1. Could you say whether any residue in segment 10-18 is free of Cβ contacts under 8 Å to residues at least 12 places away in the same chain, crowded, with 17+ Cβ neighbours inside 10 Å and of a type outside the set (Val, Ile, Thr)?
2. Looking at segment 23-52, which of its residues are of a type in the set (A, V, I, L, M, F, W, C) and farther than 14 Å from residue 3 by Cβ?
3. Which one is surrounded by the most Cβ atoms within 10 Å (Cβ to Cβ) among residues in segment 43-52 that are of a type in the set (Gly, Ala, Ser) and without any contact (Cβ under 8 Å) to a residue 24 or more places away in the chain?
4. Whether any residue in segment 24-42 is surrounded by fewer than 13 Cβ atoms within 10 Å (Cβ to Cβ) and either touching a helix residue (DSSP H, G or I) at 6+ places or on another chain (Cβ under 9 Å) or β-branched (Val, Ile, Thr) (or both) is what I want to check.
5. Can you work out which of the residues in segment 1-34 that are under 19 Å from residue 58 (Cβ atoms) and either at pLDDT below 95 or of a type in the set (D, E, K, R) (or both) is farthest from the chain's Cα centre (by Cα)?
Amino acid sequence: MPSTVIRWFAYHPDRAELEILFVTGRRYIYSNVPEQAAAEFGAASSKGRHFNAHIRDHYPCRELV
């Protein structure tokens, strides 16, 4: 099922970064994300719910402009 919050995401294992594009058009990079955490996010049936519970406020982030 498509997310109503997250449009697209990619994990960059060489940098341990999770890149997320939200439906608002804002794009963020989350740093120091373990590969297992990214895999769990990718497998989650509700990306938005999983993001709020396990990614947001758990890893440093910066917005890409």
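The values are calculated or read from the model by the stated rules, or taken from the named source; none is laboratory data. Computed from a predicted structure; not experimentally measured. Note that each Cβ is placed from the backbone with ideal geometry, even for glycine, and that neighbours are counted across all protein chains shown.
1. no
2. 29, 33, 37, 38, 39
3. Checking each candidate, the answer is 44.
4. So far as segment 24-42 goes, yes, one or more of its residues are surrounded by fewer than 13 Cβ atoms within 10 Å (Cβ to Cβ) and either touching a helix residue (DSSP H, G or I) at 6+ places or on another chain (Cβ under 9 Å) or β-branched (Val, Ile, Thr) (or both).
5. By that ranking, first place goes to 15.
Quick grid of which residues meet (1) small (Gly, Ala, Ser); (2) touching a Lys or Arg at 6+ places or on another chain (Cβ under 7 Å):
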residue: 16; (1), (2): yes, no
residue: 26; (1), (2): no, no
residue: 38; (1), (2): yes, no
residue: 48; (1), (2): yes, no
residue: 63; (1), (2): no, yes
